[in-house]
Each structure stands twice: as structure tokens, then as C-alpha cells.
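The values are calculated or read from the model by the stated rules, or taken from the named source; none is laboratory data. As the structure is a prediction and not an experimental result, all values here were calculated from the model. No Cβ is skipped: glycine too gets one built from the backbone with ideal geometry, and neighbour counts run over all protein chains shown. Side chains are part of the model used for accessible areas, which takes the heavy atoms of the whole protein and leaves out ligands, DNA and RNA. Shrake-Rupley method; radii C 1.70, N 1.55, O 1.52, S 1.80 Å.
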Amino acid sequence: MLLSFLAAFAAQAAAPEPFADAAAPARVEAPMQTPAPQAGTGRWTLVIHGGAGTIRRDRMTAEQDAAFRAAIDAALTAGQAVLARGGSALDAVQAAVELMEDEPLFNAGRGAVFTHDRTNELDAAIMDGRTREAGAVARLTASRHPIAAARAVLRDGRHVMLTGAEADGFAAEHGVEQMDPAWFATPHRRQQIEDFLRREAGEKPVASYDIDQKFGTVGAVALDRRGHLAAATSTGGLTGKRWGRIGDVPIIGAGTYADDRACAVSATGAGEYFIRVGVAHEICARMRLSGTPLQQAADEVLDEVKQLGGSGGVIVISPDGASGFSFNTEGMYRGRVSSEGPREVGIYNEE
């Protein structure tokens, strides 16, 4: 009997992995390998977002509009400085996201929304398109820059995602600055959770997505001069989230993904739907396997999210420097800069 078991085990181990494309069974992917270094074109591009949702011109004061545009512009400048001097896409997206994590206007790092228990819990992920190495963290409460903690996980290489107090401890051991949890709280977000809890105590339960329908996740995608891609995303999650909820941001392939063979994606929106669709990976897969153009792939996948009942947006960049935004909400804080194109900052749908 033991010999039969060993024979069966050997046969099973020798069988091919079930990852072939169902639509084209004859196609056989080569084993995953680190791509050879690319010469690149010398061009670079950076795209960022600061969240999507019900962001309308008639609901913004001139001061608020100017403040958001300045914050987006500052994040572009941080990432641009890295790319313009020949730095890596990974360094650029981290630099842009760290700046937004320190900006209380956004729902990431300082300024993150509150959980149902009136705490701030932070998620982030970063991915290298050259090697498809990735790092992610969830439910942090002390790391000043969750994206730096995610980068530390990527560098360490033993795991992809760490969570909770242990993730904060790992981050601290790897030099990520730690803060008193009270540092992340802001009066605006505190007012949001109190309003949420008051509404919840009323006759009708309230969904987290109902709070202004603003998904303040921040993210960045970049192409560097060597032709490599990277993606990074950071968030405080949902107002009133409970039971240790984790959204799409730290889930590689849902809210964050990068692959030099196709594209890099950072998402913002109703995380549960983005997880179910596998938004970031789905966009890249359509581009890589069927040659779908970047904007079409992003629009089609966001349409699928909408059909399920979700909303939000994505930023996408491809190895040739093409980039785009797609969102099915009334607005998305966004910006783009490249070595060859004009600098763009937008907020509203019509821009």
C-alpha cells in the first residue's frame, strides 16, 4: 500500500499545474522567471490617484479644490524627482504614496477613516513589475507610512502579506517610523465616524459606502527609464468597518498589481467588489493575453464591477509609457506627469 501511495504522489507531482488559459488550451505558459533586464526607452511616466467617489464641483469650495490640487501636485513632484534622476519605479511610487499618507486630506496614513470601534487601521501594498515580487500589510495602527512597511515586506521576501500588531512590529524592526495611534486621527474623520454611528443607531442601518461615497485610497503607478513598472496603494479602509475587515488594497491582484509584460494598476473603490472581480490582475491579463488596449481593458473591467453593484476607479500604465484613468463615479482625485507629456491634475468627471 505504501508503494502505491508513493507512486500516486509522484504521478500527481509530475502533473502540469492547472493554470492554462481555458479559452486557449493549446497555449502553455513558460515557468515563471525573473525577466531579463530591459534596455528601456529612457522615458518615464508617473500616474497617481487620491480616491474616487461622489466628488462634485458644486460640493467643493474654492479652497478645498485648491488644497486637493496642491496635494496631488506635490505627490507628482515627489515621484517625478525620483524618475527624472533615473531612479526606479518602485522608489517613485513609494515616494508619491508616502507624501499622500502624510496629507490629512486623503484616507491613508494620517487622516485615515475610523473603524466602528473608533480606531484607525491601515492597509497598503506595493509590487515590482520586473520580478512580480510584492509586499502588503493590513490593519496597521502605528506605522507612519504603511507603504514603507509593505516595501519592507517585499524586500524581506519571505512573505507577501503581514497583518496587525505583528506587522507593525516587523515594520519597526525594519526601520519604519512608528507613531502613537492618536497621530493618525483628525477632527474631520472623527466627525465622520460619530455621524456614522448616530445614523446606525437610528431606524435604518447604514452602509460604510454611504458616507459621502468617497473612497479616499491613494495610489501610484510608474514606468522608469529602464522600462520597469511598479504599483503602490495605501488606504485607511471604510468608515465604520468592523470585525477586522480588509479590503482590496493589500490583496495583490485586486487593488494592486504590476507586471512588466502588461501593465501596473492601482485601484480605489468599493473593495469587496474589486476583490470579487480581481480588478488589477484582470486588467493586466486582458492586456497581456488578448492584446486589449489599455483604456478599453480598464473600462471593461470597471463596467464589470458596476454590473455587480460596485463603484470606484483605477489608474493604469503600460511598458510603452501609455497610461490612463478609468472610474465610474462622479470624480477621482488624479494626476499624471511624464518625461514627454504635459503635467495633468484632475478631480471631476468632466475634466
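Side notes on the structure shown:
- Hydrodynamic radius of the range 132-280 by the Kirkwood approach over all distinct alpha-carbon pairs: 16.5 Å.
- For the range 238-342, the ratio of Cα radius of gyration to the globular rule of thumb 2.2 N^0.38 Å stands at 1.06.
- Computed P(r) (all Cα pairs; the range 285-351; 5 Å bins; percent): 4, 15, 24, 23, 19, 11, 3, 0
- Range of Cα positions in the range 67-160 per principal axis (Å), largest first: 43, 38, 16
- Among 95-103, 62-70, the order from most to least packed when residues are scored by Cβ within 10 Å on average: 95-103, 62-70
- Distance distribution P(r), the range 70-223, all Cα-Cα pairs, bin width 5 angstrom from 0: 2, 10, 18, 19, 19, 15, 9, 5, 3, 1, 0, 0 percent.
- For the range 62-173, carbon and sulfur atoms together expose 48% of the accessible surface, with a 1.4 angstrom probe and every protein chain in place.
- Distance-filtered residues of the range 157-187 - backbone nitrogen under 18 Å, label point 7 angstrom along T119 Cα→Cβ: 162-172, 178-186
- The stretch between D320 and E351 holds 8.7 nm of extra length on full extension. This uses 0.36 nm per residue minus the Cα-Cα distance.
- Surface calculation, 1.4 Å probe, protein heavy atoms: L140 sits at approximately 0 Å² accessible.
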